[in-house]
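Asks: Once you've had a glance at the structure underneath, I'll fire off some questions.
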Amino acid sequence: MVLYSHSRISCFEQCPFKFKLKYLDKVRPEIEQSIEAFLGSIVHDTLEKLYKDMRFQKLNTLEEILVHYGELWDKNWNPAILIVRKDYTTENYRKMGEKFIADYYEKHKPFDQSKTIGLEQRIVLDLNNDGRYKLQGFIDRLAIGKDGTYEIHDYKTNSSLPLKEYLEEDRQLALYAMAVKGSYPDAKSIKLIWHFLTFNKHIEIQKTDEELEKLRLSVISDIQNIESAKEYPTKKTTLCEWCEFRPMCPEWAHIAKTEGMTLKDFMKDDGVALVNKYAELTEKKATVEGEMDTVKEKLLEFAKNSGVTTVGGSGYSAKIWSAEKYKFPGKNDDGRTELEDFLNKSGLIKDVAALDTFLLSRKMDEKDWPEDIKNAIRKFGRKELIERIYLRKKDDCQ
């Protein structure tokens with residue numbers, strides 16, 4: 001039985017292909033960690049020591065806790081850690097962490113606002129009470145306030161401050177609240193508290209039982225979607241820059257491969273040369289249609305043989321798209337009348353805009369029509385492999 005987590009579910013939502021590599025194929029990434037993740041980890045560990053020592057009646061001075069932070073940084077630093085933002089150095093990030101801790105320390109000392117009962121506390125939540133959908137997580141700090149309210153604290157080193165409305169839709173701490181309610185009978189009231197260390201600000205909300213029940217059902221549905229998945233497509237977003245699997249992703253593998261090349265080697269790369277040629281020919285398409293088709297075929301063949309879906313060039317990248325689609329009779333083709341009659345009798349003609357064959361082909365890929373109806377419609381068409389190349393300037397796709 002799979003033990004799920006907020007991170008596991010979020011990974012599938014972020015990019016099914018990344019989910020497959022990480023959780024199904026268990027691929028070890030070439031990039032171990034980003035500097036942002038490393039910074040967050042060291043800050044978390046430092047604050048954990050602060051509250052752990054408090055439980056033993058030892059209050060560290062700010063100087064002592066910053067010394068501990070520096071020791072953790074030096075001990076765990078790895079030159080392979082990825083720094084995406086090349087304008088900033090390791091020392092810039094290190095100083096950011098020092099400021100996060102100093103600001104937090106000065107704001108919350110002497111740290112007696114609540115009593116800590118758990119640090120990095122593991123929780124396990126049985127969503128359906130039958131063991132089928134189990135979820136685990138780790139609470140940064142679990143505490144009880146002076147009024148008896150339980151508090152779930154989470155420390156964030158994000159560079160942006162989310163709106164409260166966004167946090168009200170956040171899944172992670174609300175799931176932790178469900179687990180705390182199940183583990184502590186006196187936990188009638190629970191605060192979810194996010195500490196955004198970059199801004200020295202915290203935001204807190206509370207969830208009703210009705211909201212938690214709605215979330216429980218939603219997460220079960222999310223897990224069912226993951227377990228029923230048969231395909232794991234890539235999903236290109238701004239988060240790709242920080243993805244540890246970027247060098248093995250078909251969207252990014254070729255671009256990542258060429259990023260570290262010298263200009264001479266870069267210009268000699270077959271993919272770069274083909275994309276550059278394809279971009280040049282695109283601008284002269286009216287006069288060089290024949291040559292362009294030849295380069296297009298070679299580019300499609302290169303992508304197929306290389307196992308990538310995006311090929312990088314100098315100022316452009318080429319996104320390769322291919323799919324088998326049904327082609328149906330046009331207005332003047334044989335079989336058109338019979339197809340229209342069938343769709344009319346089935347009551348489906350309205351779904352395809354009075355037989356727009358493009359819409360009809362797309363409907364065949366969707367799940368809302370019964371399979372027996374689809375099988376009957378397939379007899380009117382034939383499958384064709386459609387291959388397209390979308391040329392984009394690199395500034396528009398990275």
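Readers should treat all values here as calculations from the given coordinates under stated rules, not as data from a laboratory. Everything numeric in this text was worked out from a predicted model, so none of it was measured. Ideal geometry is used to build each Cβ from the backbone, glycine not excepted, and the neighbour counts take in all protein chains shown.
Asks: Testing the spin-label approximation: label points 7 Å from Cα along Cα→Cβ at Lys58 and Tyr166. State their distance in nm.
Replies: Computed distance between label sites Lys58 and Tyr166 equals 3.8 nm.
Asks: In the neighborhood of Lys58, defined by Cβ-to-Cβ distances under 12 Å, what is the net charge if each Lys or Arg adds +1 and each Asp or Glu adds -1?
Replies: +1
Asks: Okay, moving on. Relative to the longest principal axis of the C-alpha atoms of the chain, give the angle of the C-alpha long axis of helix 270-283, reported between 0 and 90° and rounded to the nearest 10°.
Replies: With rounding to tens, the tilt is 60 degrees.
Asks: Among DSSP beta bridges whose residues both lie in the chain, state the antiparallel percentage, nearest 5.
Replies: Taking every DSSP beta bridge with both residues in the chain, the antiparallel ones total about 75 percent.
Asks: Enumerate by residue number the chymotrypsin sites (Phe, Trp or Tyr not before Pro) in the stretch 162-214 meeting two conditions: DSSP loop (anything except H, G, I, E, B), and at most 15 other Cβ atoms within 10 Å of the site's Cβ.
Replies: none
Asks: So for the pair Arg392, Ile205, with labels modelled 7 Å out along Cα→Cβ, what separation do we get in nm?
Replies: 3.1 nm
Asks: Short version: ³J(HN,Hα) in whole Hz for each residue of the stretch 2-12, in order, from phi by Karplus 6.51 cos²θ - 1.76 cosθ + 1.60 (θ = phi - 60°), x for Gly and Pro, what are they?
Replies: The phi angles translate into 6, 9, 7, 8, 4, 5, 5, 5, 5, 4, 5 Hz.
Asks: Counting DSSP beta bridges in the stretch 147-287, what percent are antiparallel, to the nearest 5?
Replies: Percent antiparallel among DSSP bridges in the stretch 147-287 is about 40.
Asks: For Asp186 and Lys107, what is the calculated FRET efficiency with R₀ set at 22 Å and r taken between the beta-carbons, to the nearest 0.05?
Replies: Using R0 = 22 Å, I get an efficiency of 0.15.
Asks: So, R0 is 35 Å and r is the distance between the beta-carbons of Phe138 and Lys367; what FRET efficiency does that work out to, to 0.05?
Replies: Efficiency at R0 = 35 Å is approximately 0.45.
Asks: How do 229-239, 131-141 rank on mean C-beta neighbours within 10 Å, highest first?
Replies: Peptide ranking by packing, descending: 131-141, 229-239.
Asks: I need the peptides 214-221, 370-377 ranked by packing, meaning the mean over residues of other C-beta atoms within 10 angstrom, with the highest value on top.
Replies: 214-221, 370-377
Asks: How high is the FRET efficiency from Asp334 to Lys284, r the C-beta distance, R0 41 Å, rounded to 0.05?
Replies: Given R0 = 41 Å and the Cβ-Cβ separation, E is 0.60.
Asks: Right, another one. Simple spin-label model, 7 Å along Cα-to-Cβ: Glu291 to Ala37 in nm?
Replies: Computed distance between label sites Glu291 and Ala37 equals 4.6 nm.
Asks: Another question, if that's okay. Nearest 10 degrees is fine. How inclined is helix 289-306 to the longest principal axis of the chain, computing both from alpha carbons?
Replies: So the helix axis and the longest Cα principal axis differ by about 50 degrees.
Asks: If you don't mind, there's one more thing I want to ask. Rounded to the nearest 500 deg cm²/dmol, what is the calculated helix-only ellipticity per residue at 222 nm for the chain, with -39500 (n - 2.57) per DSSP H run of length n ≥ 4?
Replies: -14000 deg cm²/dmol
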